[in-house]
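J.: Below you will find the structure I want to go over with you.
The values are calculated or read from the model by the stated rules, or taken from the named source; none is laboratory data. From a predicted model like this one, the values you see are computed outputs, not experimental measurements. Positions of Cβ are backbone-derived with ideal geometry, glycine not excepted, and every protein chain shown enters the neighbour counts.
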Amino acid sequence: MPENDDGLEELGLSKSLTRRQVLRRTVGGFLVLYGGALPKVAAAGVPKHVHRQYKNTLKIIQWSHFVPAYDVWFDKTYTKRWGDKHDTDVQVDHIALAQLPARAQAEVAAQSGHDIFGHLSPQAGLEDQVINHKEIIQEVTRKVGKVSQVGFKSCYNPRTHKWHGFPENYVPDPIHFRKDLWHQVGLKPSTWDDVRKAAPKLKALGHPVGLGMSNELDSNMLLIALMQCYGAFIQNAHARPSINSKHTVEALKTMRDIYKNGMTNEIFAWTAASNNQGYLSGRLSLAVNAISIIRSAEDANPALAQNTSVAPIPRGPVQRLGLEHVMGVYTIWKFSKQKALAKRFIADLEVNYQGAFKNSKFYNFPAFRGAVHNYTRQLAADPHKGKYKVLDLIARKYTVNLGYPGFSNAAIDEIFNTWLVPQMFAQVAQGKMTPAEAAKAAEHEFKPIFAKWRARGKI
Amino acid sequence: MWSTLRERGISYLIVGPFAIVLAFPFYWMLVTAFKTNGDLYDLNNVPFTYHPSQAAVGEKLPFRHDHWLPFGFENATTSHVSFIFHNTNYLRWVENTAVVGGLVVAITLLFAVPAGYSLARLSGRWGQSVGVGIFLTYLVPPTLLFLPLSRVISKLGLQDRIWSLVLVYPSFTIPFATWLLMGFFRTIPAELEDAALVDGCSRLKALARVIFPISIPGILTVVIFSFSLCVNEFVYAITFVSGTKQHTISAGVPTDLIRGDVYFWQSLMAATLIPSIPLALLYNSFLDRFIAGFTGGAFR
């Protein structure tokens with residue numbers, strides 16, 4: 001027994017193998033495994049142009065799409081074909097949704113990185129770092145028709161007359177609700193008042209509604225949409241803060257009531273995945289989210305999918321008006337060395353958006369409506385009994401840009417990314433402020449943000 | 001004999017609950033990795049065993065006829081574990097992690113051993129202050145440093161290459177390792193070196209022949225701890241390297257197995273459990289030395 005192994009003996013580990021033997025065997029095994037591959041490599045010789053040698057390289061980064069098949073199609077089919085045609089090696093990198101902002105900041109700081117960056121919200125705050133995408137907009141408009149209002153107001157700055165991004169797609173934001181449970185309480189989530197009335201009954205059944213009030217994307221989207229239904233907006237059409245209004249107060253009261261009577265405090269720790277997990281587990285009776293919920297249910301729990309209705313956002317006392325759930329925006333950095341190729345790639349992708357629409361399982365709606373032919377017929381042809389037809393209605397009538405009725409400017413970008421709206425709602429729901437106080441406090445926070453960006457000449 | 005048994009019994013009684021609590025996350029990971037979606041998402045099911053459920057699209061139930069299996073394992077699926085091997089670059093991430101970890105450990109030892117020794121022996125009263133100063137740099141979070149460092153990485157042309165991590169990781173492993181080794185070297189009596197010097201050794205020879213061999217616990221602690229830090233690091237790994245084939249485990253797993261707001265829970269559990277097993281065995285094999293290394297400087 002080696003002298004150093006007394007400690008191991010106490011642990012009962014050294015009776016069969018000494019530590020030295022363990023190390024030797026581990027290193028030996030590693031060498032055998034790696035060494036075993038050597039003759040194979042040697043026999044094969046130096047690879048001779050296994051891959052085609054391309055003249056150019058184009059680097060793209062975007063999120064890992066919730067439909068894995070979309071990434072397979074995009075990375076291995078679409079970009080390969082496009083690359084062959086343009087003698088370009090298109091390299092696509094993926095990153096988790098939550099890491100996109102940090103990665104973008106790192107690329108800006110380094111002044112190097114990818115030629116095309118795929119964001120999931122308008123990026124007016126990065127306007128000085130990106131090229132004017134006007135040329136691509138013009139080309140795509142010529143080929144497939146006008147850009148949607150959502151795309152226009154998300155990516156255009158009327159003050160500087162610059163397209164700070166290219167609106168590739170937007171995602172309609174429906175509600176998902178359990179037909180059986182809502183039937184039991186004798187209501188339908190057609191209006192926010194219906195939700196308010198049904199929430200306590202649904203909670204009593206053990207199936208609360210799931211409406212987040214935390215620092216994350218889905219809560220932000222839902223709560224701004226709720227405000228819109230009550231006629232409340234972060235800014236007016238002239239980019240002046242308009243949060244402190246009686247409409248905001250009414251929206252705050254509604255959400256406070258829904259929380260107090262129909263939800264639990266888990267909604268203050270909501271994450272982007274909470275809707276999906278809560279709904280897929282069968283616990284939630286209603287969730288507001290893009291179609292990732294219903295698409296996941298179709299695979300994981302077909303019975304639940306059948307029992308789920310997808311519908312437009314409930315109507316408020318003023319109107320029915322939701323937000324895009326995700327705004328797919330491509331930007332080309334000023335530092336990119338492949339600007340011309342990047343422009344060509346984006347224009348070609350949008351003009352031929354059929355593949356993206358289909359492979360994303362109707363998640364990505366083209367920002368240029370004319371880019372997909374027979375749009376509504378395709379939605380109707382989905383094997384799930386026409387469930388997705390409603391997305392067209394939501395996309396056309398009930399979806400506006402972040403910052404509506406104004407543009408998605410840098411101030412909106414900052415307010416959105418610092419979660420000030422969910423914080424305002426949470427303060428009221430937790431009883432820390434009255435609705436009127438919260439609206440006033442929010443205005444107090446918003447004003448300097450607007451003033452800062454106005455002073456910088458961006459709004 | 002009875003007293004020995006009683007002593008052992010009491011020891012197990014005290015240690016047992018701790019062992020269960022600490023092993024529990026691993027058990028949960030293991031169980032979840034083989035669950036079907038239907039089983040996982042049904043709140044009426046006990047999460048620690050398997051239950052019959054309708055298999056989701058693409059889920060195979062290879063054990064469904066083996067009714068003798070414990071914990072209802074006949075209802076388990078291997079599809080989510082096999083997903084990480086067939087649909088992601090998981091093995092490549094493991095390999096990248098091993099390469100980065102190995103190189104960073106080597107660089108860390110190269111700098112931290114002489115630095116720790118110098119601070120312990122040669123710097124007098126200044127040693128302690130400088131040691132604390134070095135340790136403080138370890139406390140600066142990567143979330144603050146990744147922006148300026150990304151400029152450095154870009155200037156050196158290392159963006160999207162694992163070499164960027166090999167360069168950056170020592171910035172947090174070396175300070176910690178130096179501080180740890182400084183404490184450890186202080187526990188070794190200076191008389192041992194004096195004796196070696198009197199016998200004709202140079203300072204370096206005394207270091208190599210006398211000090212290093214008895215410093216193995218400290219050095220092993222640095223090896224294991226530095227390697228663990230590299231495996232766990234996330235911010236640099238995600239921001240400096242974006243190509244999926246260049247990722248380490250900590251960046252590759254969340255990138256490919258959290259898609260938008262959909263978490264591939266079973267695959268996530270499997271992907272995190274697999275590398276933790278050899279690491280746990282490594283810790284266990286050197287447990288006594290690891291404890292000696294960590295507590296070496298604690299009483300001086």
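J.: Within segment A:388-412, can you find the residues that are within 23 Å of A:Ile294 (Cβ to Cβ) and of a type in the set (Phe, Trp, Tyr)?
T.: Quick first cut of segment A:388-412, residues within 23 Å of A:Ile294 (Cβ to Cβ) only: A:388-400.
Within segment A:388-412, A:Tyr388, A:Tyr398 qualify.
J.: Note down all Cβ pairs under 7 Å where the first residue falls in segment B:55-77 and is over 18 Å from A:Asp299 (Cα atoms) and in the same structural domain as B:Asp39 (by TED's automatic domain parsing), the second is β-branched (Val, Ile, Thr) and in a loop (DSSP other than H, G, I, E, B), and they're at least six residues apart or on different chains.
T.: Filtered contacts from segment B:55-77: B:Pro62/B:Thr78; B:Phe71/B:Thr49; B:Gly72/B:Thr49.
J.: Let me ask something else. What residue, of B:Arg186, B:Arg161, is in contact (Cβ under 8 Å) with a residue 60 or more places away in the chain, within 14 Å of another protein chain (Cβ to nearest Cβ) and of a type in the set (D, E, K, R)?
T.: When all the criteria are applied, what remains is B:Arg161.
J.: Consider A:Trp163 carefully, then state whether it is more than 13 Å from chain B (Cβ to nearest Cβ), touching a strand residue (DSSP E or B) at 6+ places or on another chain (Cβ under 9 Å), at pLDDT 95 or above and surrounded by 23 or more Cβ atoms within 10 Å (Cβ to Cβ).
T.: yes
J.: Okay, moving on. Take the residues in segment B:261-270 that are crowded, with 21+ Cβ neighbours inside 10 Å and within 10 Å of chain A (Cβ to nearest Cβ); name whichever of them is nearest to A:Ser296 (Cα to Cα).
T.: Filtering segment B:261-270 for residues that are crowded, with 21+ Cβ neighbours inside 10 Å and within 10 Å of chain A (Cβ to nearest Cβ), the one nearest to A:Ser296 (Cα to Cα) comes out as B:Val262.
J.: Could you please let me know if B:Ala106 is assigned to a helix (DSSP H, G or I), within 20 Å of the chain's Cα centre (by Cα) and away from chain A (no Cβ under 12 Å)?
T.: The answer is yes for B:Ala106.
J.: Give the residue that is farthest from the other protein chains (Cβ to nearest Cβ), with candidates limited to residues of segment A:293-328 that are surrounded by fewer than 19 Cβ atoms within 10 Å (Cβ to Cβ), under 30 Å from B:Ala55 (Cα atoms) and of a type in the set (A, V, I, L, M, F, W, C).
T.: Looking at residues that are surrounded by fewer than 19 Cβ atoms within 10 Å (Cβ to Cβ), under 30 Å from B:Ala55 (Cα atoms) and of a type in the set (A, V, I, L, M, F, W, C), I get A:Ala311.
J.: Here's a follow-up. One residue is enough: does segment B:27-34 have a residue meeting the conditions within 14 Å of chain A (Cβ to nearest Cβ) and either out of contact with any Cys (no Cβ under 6 Å at 6 or more places or on another chain) or of a type in the set (S, T, N, Q) (or both)?
T.: Yes, segment B:27-34 has at least one match.
J.: Still on this structure, please answer the following. Is one or more of the residues making up segment A:225-240 farther than 19 Å from A:Arg320 by Cβ, within 14 Å of chain B (Cβ to nearest Cβ), of a type in the set (D, E, K, R) and surrounded by fewer than 24 Cβ atoms within 10 Å (Cβ to Cβ)?
T.: The answer is no, given that none of the residues of segment A:225-240 is farther than 19 Å from A:Arg320 by Cβ, within 14 Å of chain B (Cβ to nearest Cβ), of a type in the set (D, E, K, R) and surrounded by fewer than 24 Cβ atoms within 10 Å (Cβ to Cβ).
J.: Take B:Ile134 and tell me if it is at pLDDT 95 or above, more than 30 Å from B:Arg259 (Cβ to Cβ) and touching a helix residue (DSSP H, G or I) at 6+ places or on another chain (Cβ under 8 Å).
T.: Considered against the rule, which asks whether it is at pLDDT 95 or above, more than 30 Å from B:Arg259 (Cβ to Cβ) and touching a helix residue (DSSP H, G or I) at 6+ places or on another chain (Cβ under 8 Å), B:Ile134 comes out as no.
J.: Report those helices (runs of 4 or more DSSP H) wholly inside segment A:184-299 carrying at least 3 residues which are more than 22 Å from A:Met433 (Cβ to Cβ) and touching a helix residue (DSSP H, G or I) at 6+ places or on another chain (Cβ under 7 Å). So that I can check it myself, show each step before the final result.
T.: Details: elements: A:192-204, A:217-229, A:246-262, A:274-280.
Of the helices (runs of 4 or more DSSP H) lying wholly inside segment A:184-299, those with at least 3 residues that are more than 22 Å from A:Met433 (Cβ to Cβ) and touching a helix residue (DSSP H, G or I) at 6+ places or on another chain (Cβ under 7 Å) span A:192-204, A:274-280.
J.: Moving on to the next point. Do you know which residues across segment A:80-98 are in contact with a helix residue (DSSP H, G or I) (Cβ under 8 Å, 6 or more places away or on another chain) and under 24 Å from A:Lys337 (Cβ atoms)?
T.: Residues satisfying the conditions are A:Trp82, A:His86, A:Thr88, A:Asp89, A:Val90, A:Val92, A:Asp93, A:His94, A:Ile95.
J.: Report, by residue number, each residue of segment A:262-292 that is surrounded by fewer than 24 Cβ atoms within 10 Å (Cβ to Cβ), within 15 Å of A:Lys179 (Cα to Cα) and more than 11 Å from every other protein chain (Cβ to nearest Cβ).
T.: none
J.: Output the helices (runs of 4 or more DSSP H) that fall wholly within segment A:41-140 and possess 1 or more residues being at pLDDT below 90 and not assigned by TED's automatic domain parsing to the domain that holds A:Asn215, or say none.
T.: A:68-72, A:100-110
J.: Something else about it: Kindly evaluate A:Thr399 against the criterion of being under 18 Å from the mean Cα position of the chain (by Cα) and farther than 21 Å from A:Asp128 by Cβ.
T.: yes
J.: Can you name the residue in segment B:232-251 that is within 10 Å of chain A (Cβ to nearest Cβ), among the small types (Gly, Ala, Ser) and surrounded by 24 or more Cβ atoms within 10 Å (Cβ to Cβ) and, of all such residues, is farthest from A:His94 (Cα to Cα)?
T.: Looking at residues that are within 10 Å of chain A (Cβ to nearest Cβ), among the small types (Gly, Ala, Ser) and surrounded by 24 or more Cβ atoms within 10 Å (Cβ to Cβ), I get B:Ala251.
J.: Here's another thing I want to ask about it. What number of residues within segment B:117-169 are of a type outside the set (Gly, Ala, Ser), in a helix (DSSP H, G or I) and under 30 Å from B:Leu204 (Cα atoms)?
T.: Going through segment B:117-169 one residue at a time, the tally reaches 16.
J.: Can you pull out every residue in segment A:349-380 that is touching a residue at least 40 places away in the same chain (Cβ under 8 Å), polar (S, T, N, Q) and assigned to a helix (DSSP H, G or I)?
T.: A:Asn359
J.: Would you confirm, using the coordinates I've provided, whether A:Ala340 is without any contact (Cβ under 8 Å) to a residue 12 or more places away in the chain and either assigned by TED's automatic domain parsing to the domain that holds A:Ile137 or part of a strand (DSSP E or B) (or both)?
T.: The answer is yes for A:Ala340.
J.: Moving on. Look at B:Thr32 and say whether it is in contact with a Gly (Cβ under 9 Å, 6 or more places away or on another chain), within 22 Å of B:Ile277 (Cβ to Cβ) and of a type outside the set (D, E, K, R).
T.: Spelling it out, it is not the case that B:Thr32 is in contact with a Gly (Cβ under 9 Å, 6 or more places away or on another chain), within 22 Å of B:Ile277 (Cβ to Cβ) and of a type outside the set (D, E, K, R).
J.: State which residue is surrounded by the most Cβ atoms within 10 Å (Cβ to Cβ) when the search covers only segment B:16-45 and only residues that are modelled with pLDDT under 90 and assigned to a loop (DSSP other than H, G, I, E, B).
T.: The residue in question is B:Asn45.
Residue-by-condition table, conditions (1) at pLDDT 95 or above; (2) buried (at least 17 other Cβ atoms within 10 Å of the Cβ); (3) outside the structural domain of A:Gln149 (by TED's automatic domain parsing); (4) among the hydrophobic types (A, V, I, L, M, F, W, C):
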site	(1), (2), (3), (4)
A:Lys334	yes, no, no, no
A:Arg344	yes, yes, no, no
A:Ala347	yes, yes, no, yes
A:Lys358	no, no, no, no
A:Asn374	no, no, no, no
A:Ala380	no, no, no, yes
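J.: Regarding segment A:100-116, can at least one residue be identified that is within 14 Å of chain B (Cβ to nearest Cβ), surrounded by fewer than 21 Cβ atoms within 10 Å (Cβ to Cβ) and closer than 16 Å to A:Gly328 by Cα?
T.: Yes, because at least one residue in segment A:100-116 is within 14 Å of chain B (Cβ to nearest Cβ), surrounded by fewer than 21 Cβ atoms within 10 Å (Cβ to Cβ) and closer than 16 Å to A:Gly328 by Cα.
J.: Something else: What about B:Ser154, is it modelled with pLDDT under 90, crowded, with 22+ Cβ neighbours inside 10 Å and either under 30 Å from A:Asp71 (Cβ atoms) or out of contact with any helix residue (DSSP H, G or I) (no Cβ under 7 Å at 6 or more places or on another chain) (or both)?
T.: Working: modelled with pLDDT under 90: yes; crowded, with 22+ Cβ neighbours inside 10 Å: no; either under 30 Å from A:Asp71 (Cβ atoms) or out of contact with any helix residue (DSSP H, G or I) (no Cβ under 7 Å at 6 or more places or on another chain) (or both): yes.
Taking the combined requirement at face value, the residue does not satisfy it.
J.: Checking the condition within 15 Å of B:Val104 (Cβ to Cβ) and within 14 Å of another protein chain (Cβ to nearest Cβ), which residue from B:Ile224, B:Ile258 passes?
T.: B:Ile224
J.: Only one of (1) in a helix (DSSP H, G or I); (2) without any contact (Cβ under 8 Å) to a residue 24 or more places away in the chain is not met by A:Phe425, so which one is it?
T.: Unmet condition: (2).
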